[in-house]
1. Every residue in the range A:129-183 that is touching a Pro at 6+ places or on another chain (Cβ under 7 Å) and under 17 Å from B:E153 (Cα atoms), please.
2. Checking A:M128 against (1) more than 21 Å from the chain's Cα centre (by Cα); (2) among the aliphatic types (A, V, I, L, M); (3) more than 8 Å from chain C (Cβ to nearest Cβ), only one condition comes out false. Which one?
3. If a residue must be open to solvent by 20 Å² or more (accessible area, probe 1.4 Å) and more than 12 Å from chain B (Cβ to nearest Cβ), how many such residues does the range C:341-362 contain?
4. What number of residues in the range B:12-56 are among the small types (G, A, S) and closer than 26 Å to C:L236 by Cβ?
5. Can you confirm whether the range C:54-62 contains a residue that is more than 14 Å from every other protein chain (Cβ to nearest Cβ), open to solvent by 30 Å² or more (accessible area, probe 1.4 Å), small (G, A, S) and more than 29 Å from B:R145 (Cβ to Cβ)?
6. Among the residues of the range C:369-402, count how many are touching a strand residue (DSSP E or B) at 6+ places or on another chain (Cβ under 6 Å), assigned to a helix (DSSP H, G or I) and within 9 Å of chain B (Cβ to nearest Cβ).
7. If you go through the range C:80-107, how many residues are assigned to a loop (DSSP other than H, G, I, E, B) and over 16 Å from C:K314 (Cβ atoms)?
8. Do you know which residues across the range C:108-143 are within 12 Å of another protein chain (Cβ to nearest Cβ), more than 20 Å from the chain's Cα centre (by Cα) and not in a loop (DSSP other than H, G, I, E, B)?
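The values are calculated or read from the model by the stated rules, or taken from the named source; none is laboratory data. A quick note: this is a predicted structure, and the numbers were derived from the prediction, not measured. Positions of Cβ are generated from backbone atoms using ideal geometry, with glycine treated the same way; all protein chains shown enter the neighbour counts. What goes into the accessible areas is simple: the full protein's heavy atoms, side chains included, and nothing from ligands, DNA or RNA. Shrake-Rupley method; radii C 1.70, N 1.55, O 1.52, S 1.80 Å.
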Amino acid sequence: MEIKREVLGPARSNPSSPGRPDPRSPAASDFRARQLMARDLLRGDLEGEALERYVQESVLTTTVEKAVSWARGNSFFPLTFGLACCAMEWMHVIASRVDLGRFGWEASRASPRQADLIILSGRVSVKMAPVVRRIWDQMLEPKYAISMGACCSSTGVFNNYALVASDKFMPIDVHVPGCPPRPEAVAHGIIRLREKVQNTDKSGWRERYDAVGTEEVLSEETIAAQSAADAAINVFPGGDTAGA
Amino acid sequence: MPDATGLELIAHELRDANADAILGTEFQRRRAVLLAAPDHVPTVIKALMDKGYTFVTSVHGVDYYPEEPRLGVLYELLDMRAVDRISVKARVSTEDPRMPTIVDLFPGAEWPEREVYDMFGVVFEGHPDMRRILMPEDFEGFPQRRDFPTGGEPVLFTYNEENSYGKYQ
Amino acid sequence: MTTVDASDYRKREESISYSAESAGMGETHELLTLNIGPHHPATHGVLRLLATLEGEVVRDVKPIVGYVHTGIEKTCEDKAYWKVIPCIERMDYLSYYFNAMAFCGAVEDLLDVEVPPRAQYLRVIHLELNRIASHLLWLGTSALDLGAISMFWYCLRERETVLDLFEMSSGQRMHTRYFQVGGVIEDIPRGFAAKVRQFCKEMPTRADQYADLLQKNQIVFERLHETCLLDEQTLLSLGVTGPLLRAAGNPWDLRKAAPYSSYDHFDFKIPVGTVGDNYDRYRVRQAELYESTKIIEQALEGLPEGPHITTDRKVALPPRHELATSMEALIHHFKLVTEGFRVPPGEAYHAIEGPRGELGCFVRSDGSSKPARVHMRDPSFTHMQALAPMVKDSYVADLIATLAMLDPILGGIDR
């Protein structure tokens, strides 16, 4: 069957409308060319130099770290852990409207030894805090924690004898505010954690103010003096978190 | 609720049975309360259960600070046939916070009495399992008493943030 | 069990009543103490069960609670009456409107303030919607415990619709602060009634679908039928009310026995079981879904016109447009927001029928603008006492199923 193709004329009235690639841009003609090359590859017609060029163009090179953190960020195993009201909203995150499976995180593990994310969904009372700490200690590195809701980040609505803020006894990566936070808010927190894990976190002020590369470089003597002063007052020298 | 006269009749009956069981009655906005002496609470409740108030809905603890005797224990009774409620109040002081238990009459009062012990310190004699229920086992103090501080974190402002726990000195 | 090792843990274990020697089992049988810990996928919340097992058979179970104790009642003593409502709502976190209703009912008893009929009907609509949402989550998580995992997604899909309705009327999905002393905080927006009607049209069909999945399913039947019975007298002596008591055959429901908030205007039935086993408890709650839908439809039909909160300005805030014109309204607004209304001294206990049973609130006021004592009588707290007699001599799997059918909410138990 003969298919007639004709090249369309120059761009329509608004070349910057989204969703329609500008035919004048190099990407469009490249795309057609690459389509034809892919078709030839599948038929086995691509040979020699064209084949080599095709393979080079379709291979992505990256560092092992980036690849591993990309995989890690997309395959978290959260711990099935629900404390109080935020657990009801956490169940709604897992449910179909805001689907945790979209991020690949639907495989919740019941055992802390097999999980790598603990979501503190609810208020942590003084009786429960040692239990949570023990569960956190049982998790294997690399492990992350999301503190969901106001009650575990600070003590939320209840500022009294019975509650304790979670970052007093364990390190937390992302705090999600709300009482309880909407499932969409929790999804935002999840995306931020994922960015953090995949090292694509662009929330630092240098990125926001376009100031990357403006770090001050201290001279050797200043660094030595500062670490001496540090060691004098700090029990744990910088970077050692074994006691945390 | 039994109305005011009904309440008085019940109080008189119970007082006839046992002279120092009932210390008084309160009737306020359709709520009938019998004031009982702490040691006679099981007999009063048994008599009320025989009258038909067979269901002990709840056991509340109250701290009447600064009125003495400070600690009050309220029993809410419900008559399911006549749909009637009556309450029994007993007050003990903090120096001697002991009362007999009603668990033999109504096994469902076991946990509420443990909660009153946990929160106020009222010891129910004869209770099978007098332990703390909501607070950790080794907690000291009785949280719901009025002189126990609410606790919590102080709110940080610029004038007091120097002394907070996380500030790098 | 030999007690040569008298360590602290063993001493604490001695509070478990059953022991091998007294049963004459001798040295060939051994009792295993299993800690079904506070963190467990099948305990509904942070509940710790010390189960004494002989093989797979549960001989005794001791629930240990307190892992989510928040000191809500103590916190409420520091807050003005209208500020207590957000705190008290977070107690039983699945039936938040009921917590607020019990507290507002107690304070209205103390204040002797009249709730307008429109507010009563709106309260009924939201209470029954919350009852449906609570039962749906119970159904989803119980089926999850039994192994029917896809029920979870179906029930939560329904629950999303209900939470959307709550968001429409009050702005929040959970813990909405919608009930205030004297009525409700705001009238319903335009379009709310139509959306609720549409939900009520769909709900019975959906409930039928859930029933089709589970009711005649052989596995569910074998798991739940004739397991963990408890007769009505024992339940009454343990203080159990609500669907558990109704499953045993006693038609006690505060909505019919002592109607509050215009429940006597509506025509609905009380589902009652016969035997009191797990299957009856499941069927009773499933049937309550239909009854609640009927109540909501009737309430929408008969929704009267009028104010949505009491017109007593000493208790309820005046409408905002009055603040620009009336000096008294401004003063009332100021006093109510800064200090709050004062309640004459007295004590009140107000009980309502929550999704789990009788939810009561005891309020003692000493004449100031802050309550002197707020104590909630939570149904799950007393129901946990009934767990041990129920699961005695059943299997561990029945323990899990019974815990699901008991519908405990640890926020209410621990407060």
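1. If the condition is that a residue be touching a Pro at 6+ places or on another chain (Cβ under 7 Å) and under 17 Å from B:E153 (Cα atoms), then A:A150, A:S153, A:V157, A:Y161 are the ones that fit.
2. Only one criterion is unmet by A:M128, namely (3).
3. Going through the range C:341-362 one residue at a time, the tally reaches 1.
4. First, the residues of the range B:12-56 that are among the small types (G, A, S): B:17, B:19, B:21, B:24, B:32, B:36-37, B:47, B:52.
Still in the list and also closer than 26 Å to C:L236 by Cβ: B:17, B:21, B:32, B:36, B:47, B:52.
Result for the range B:12-56: 6.
5. Among the residues of the range C:54-62, at least one is more than 14 Å from every other protein chain (Cβ to nearest Cβ), open to solvent by 30 Å² or more (accessible area, probe 1.4 Å), small (G, A, S) and more than 29 Å from B:R145 (Cβ to Cβ), which makes the answer yes.
6. Of the residues in the range C:369-402, 1 are touching a strand residue (DSSP E or B) at 6+ places or on another chain (Cβ under 6 Å), assigned to a helix (DSSP H, G or I) and within 9 Å of chain B (Cβ to nearest Cβ).
7. Filtering the range C:80-107 down to residues assigned to a loop (DSSP other than H, G, I, E, B) leaves C:80, C:90-95.
Add one more test, that the residue is over 16 Å from C:K314 (Cβ atoms), and what stays is C:90-95.
The qualifying residues number 6.
8. Selection gives C:E108, C:D109, C:L110, C:L111.
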